[in-house]
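What follows is a short report on a single structure.
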Amino acid sequence: MALLEPVVRLGRGGLGFFQRLGRAHLFALEVVRAMGATLVRPRLVIEQMYSVGVLTFVITVVAGLFVGMVLGLQGYYTLVDFGAEDSLGVLVALSLVRELGPVVAALLFAGRAGSALTAEIGLMKATEQLSALEMMAVDPFRRVIGPRFLAGFLSMPLLAALFSAVGIGGGYFVAVGLLGVDAGAFWSQMHSSVDFYDDIMNGVIKSLVFGAVVTWIALFEGYDCVPTSEGVSRATTRTVVHASLAVLGLDFVLTALMFGE
Amino acid sequence: MPAAQADRDTAVCIRGLTFARGNRIIFDRVNMDIPRGRITAIMGPSGTGKTTLLKLIGGQLRPEAGRIDVDGVDVHALDRRGLFDLRKRMGMLFQSGALLTDLTVFDNVAFPLREHTSLPEPLVRQLVLLRLESVGLRSARKLMPSELSGGMARRVALARALVLDPEMILYDEPFTGQDPISMGVLVQLIRQVNEALGITSIVVSHDVPETLSIADYGYVIADGEVVGRGTPQQLQQSQSPWIRQFVQALPDGPVPFHYPGPDFAEELFDEYR
């Protein structure tokens, strides 16, 4: 029997994984079903956009600024060897708009807003608030989960756009302000090389996908957690880990689909 | 008694209720009748499934077997909409109060009205103030739940449970962790609510003296079964070892003091063998 123990554990783990995956998809189905009721009460969505979006504003701006500055610095040291430092604007803008904006903003969103969503829903479960809603004949998916999901889905592209815009500002400051790159060349090359549909819209699509996935994982982890302090804490950790890995994995898939030949 | 009369007098009828969590059987073919317009106490040691029973009555959990009829309707045969319609006629007071922590006391009590009615805001305000006045917390309406004591939170939750004028109210451990004053207030409120509004009340509790002081009828559940039933006087005079241990708060009896396990002496000297 001892020999079979690892096989039994593997089987049990596999079954547990697929059960959770199934529950997560049923949860997503319930969220989609609740969307109609969520859309007719925009006030609830706006309230949640404040807590998941506006409260993530500062960390996004600060991170975007530094990422843009580092890009400017690293890009300059590489390009200057080839006398191509005038192309720094293109490098900074494309890196941010195509990749770093959506991805890093989504990672920050998972850490800041995702963990907060999981903790909030988990605590609502632990303190019987979700049960109380059910007993008051109020569907938690329409009143609690739906508005939060929509808020996360809509906030993510705005945060990613903000991240990219501030990052380009940071890159400009380092390139033009500190390293003496020509300002006209910085902007004009960026303007001629960045395409609205191929680059910016693809970045927006990425951030919409990341917003949906991160918010889904965060809400599901909170809803499915063991309703104890330890359970909520573990669920919060799982949200950050799973959401971050999902963002990075999906980024590869989306990039391959969008920018492949 | 004719069947129709019995139906009218019984608000909740439980027959053959069986419910398990994993391998552990919580209820094994339990039968109960909850009389209409009365206070019925459901008592039993911790972990016997008293709260689970309320969740089964409210349709939040589904039994393995048996049926629960509320007002003659099988709760578990209802679809989601039917269940929500039933719950609008049912209030529940949770052990922790379960107030929505992002809303003020006023908004918590107004919540069911705003969700289920299209009453104008001035009328909502009047109804909420009436309910808060009846639980003595009208002047606390601007406080947040985090600023309330445990007893106050339960009184707000009671006001919220009553605001839609339910026909039945389920109390989950209303007296647990209360100081004597709060407990006295809650005991009085539950009695007053029942007398003034004629609401069917189910009180789940292990606080025997307080619960029996207001109950019209009581059930004692233990080990997955109903081990005793009757009026408070009948329960207090019962010779059943289960009920005697529970009502007289005896530390040992059918519910053992020691968690089941091997013999103590055997385990002490095990390593010398």
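Observations on the model:
Residues checked against (1) more than 29 Å from A:Ile145 (Cα to Cα); (2) open to solvent by 50 Å² or more (accessible area, probe 1.4 Å); (3) over 17 Å from the mean Cα position of the chain (by Cα); (4) not hydroxyl-bearing (Ser, Thr, Tyr):
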residue	(1), (2), (3), (4)
A:Phe27	no, no, yes, yes
A:Ala34	no, no, yes, yes
A:Val40	no, yes, yes, yes
A:Leu44	no, no, yes, yes
A:Ser51	no, no, no, no
A:Val61	no, no, no, yes
A:Gly72	yes, no, yes, yes
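- Against the test of being in a loop (DSSP other than H, G, I, E, B) and surrounded by fewer than 23 Cβ atoms within 10 Å (Cβ to Cβ), the options A:Val226, A:Val240 yield a single qualifying residue, A:Val226.
- For the stretch A:1-24, filtering for residues that are under 20 Å from A:Ala212 (Cα atoms) and either under 19 Å from the mean Cα position of the chain (by Cα) or modelled with pLDDT under 90 (or both) leaves 1.
- Consider the stretch B:60-91 and keep the residues that are among the small types (Gly, Ala, Ser) and free of Cβ contacts under 8 Å to residues at least 60 places away in the same chain. The one that is farthest from the other protein chains (Cβ to nearest Cβ) is B:Ala65.
- Of all residues assigned to the stretch A:99-118, none qualifies as being in a helix (DSSP H, G or I), among the β-branched types (Val, Ile, Thr), over 25 Å from A:Ala151 (Cβ atoms) and touching a Ser or Thr at 6+ places or on another chain (Cβ under 6 Å).
- Filtering the stretch B:133-141 for residues that are assigned to a helix (DSSP H, G or I), within 14 Å of another protein chain (Cβ to nearest Cβ) and surrounded by 15 or more Cβ atoms within 10 Å (Cβ to Cβ) leaves an empty set.
- Residue pairs meeting the criteria (Cβ under 7 Å; at least 6 apart or on separate chains; first under 16 Å from B:Ser139 (Cα atoms) and more than 7 Å from chain A (Cβ to nearest Cβ), in the stretch B:92-112; second open to solvent by 30 Å² or more (accessible area, probe 1.4 Å) and in a helix (DSSP H, G or I)): B:Val109/B:Arg131
- Among (1) surrounded by 12 or more Cβ atoms within 10 Å (Cβ to Cβ); (2) farther than 23 Å from A:Ser188 by Cα; (3) among the charged types (D, E, K, R) - the single one A:Glu85 does not satisfy: (2)
- Whichever residue in the stretch B:30-57 is modelled with pLDDT of 90 or more, out of contact with any helix residue (DSSP H, G or I) (no Cβ under 9 Å at 6 or more places or on another chain) and open to solvent by 10 Å² or more (accessible area, probe 1.4 Å) and, among such residues, is nearest to the other protein chains (Cβ to nearest Cβ): B:Thr52
- Any chance A:Val45 is touching a residue at least 12 places away in the same chain (Cβ under 8 Å) and out of contact with any Gly (no Cβ under 9 Å at 6 or more places or on another chain): no
- Screening A:Ile217 with (1) buried (at least 24 other Cβ atoms within 10 Å of the Cβ); (2) touching a Leu at 6+ places or on another chain (Cβ under 9 Å); (3) β-branched (Val, Ile, Thr) gives one miss only, at (2).
- Filtered residues of the stretch A:119-142 (kept if open to solvent by less than 20 Å² (accessible area, probe 1.4 Å), facing chain B (nearest Cβ under 7 Å) and either assigned to a helix (DSSP H, G or I) or touching a Ser or Thr at 6+ places or on another chain (Cβ under 6 Å) (or both)): A:Gln129, A:Ala132, A:Met135
- Given (1) more than 21 Å from the chain's Cα centre (by Cα); (2) assigned to a helix (DSSP H, G or I); (3) touching a residue at least 60 places away in the same chain (Cβ under 8 Å), number of the condition A:Gly177 does not satisfy: (3)
- Hits in the stretch B:149-159 (condition: open to solvent by 10 Å² or more (accessible area, probe 1.4 Å) and within 13 Å of chain A (Cβ to nearest Cβ)): B:Gly150, B:Ala153, B:Arg154
- A single entry from A:Ser244, A:Ser193 fulfils the requirement of being modelled with pLDDT under 95 and not hydrophobic (A, V, I, L, M, F, W, C): A:Ser193.
- Number of positions in the stretch B:175-222 that are touching a helix residue (DSSP H, G or I) at 6+ places or on another chain (Cβ under 8 Å) and at positive phi: 1
- The set of residues in the stretch A:4-27 being in a helix (DSSP H, G or I) and over 26 Å from A:Leu219 (Cβ atoms) consists of A:Glu5, A:Pro6, A:Val7, A:Val8, A:Arg9, A:Leu10, A:Gly11, A:Arg12.
- Positions within the stretch B:113-126 being more than 9 Å from chain A (Cβ to nearest Cβ), open to solvent by less than 80 Å² (accessible area, probe 1.4 Å) and assigned to a helix (DSSP H, G or I), in sequence order: B:Leu113, B:Leu123, B:Val124
- Helices (runs of 4 or more DSSP H) contained in the stretch B:164-273 and holding at least 3 residues open to solvent by 80 Å² or more (accessible area, probe 1.4 Å): B:180-197, B:232-236, B:264-268
The values are calculated or read from the model by the stated rules, or taken from the named source; none is laboratory data. A quick note: this is a predicted structure, and the numbers were derived from the prediction, not measured. Positions of Cβ are backbone-derived with ideal geometry, glycine not excepted, and every protein chain shown enters the neighbour counts. In case anyone asks, the SASA skips ligands and DNA or RNA and just uses the protein heavy atoms, side chains included. Shrake-Rupley method; radii C 1.70, N 1.55, O 1.52, S 1.80 Å.
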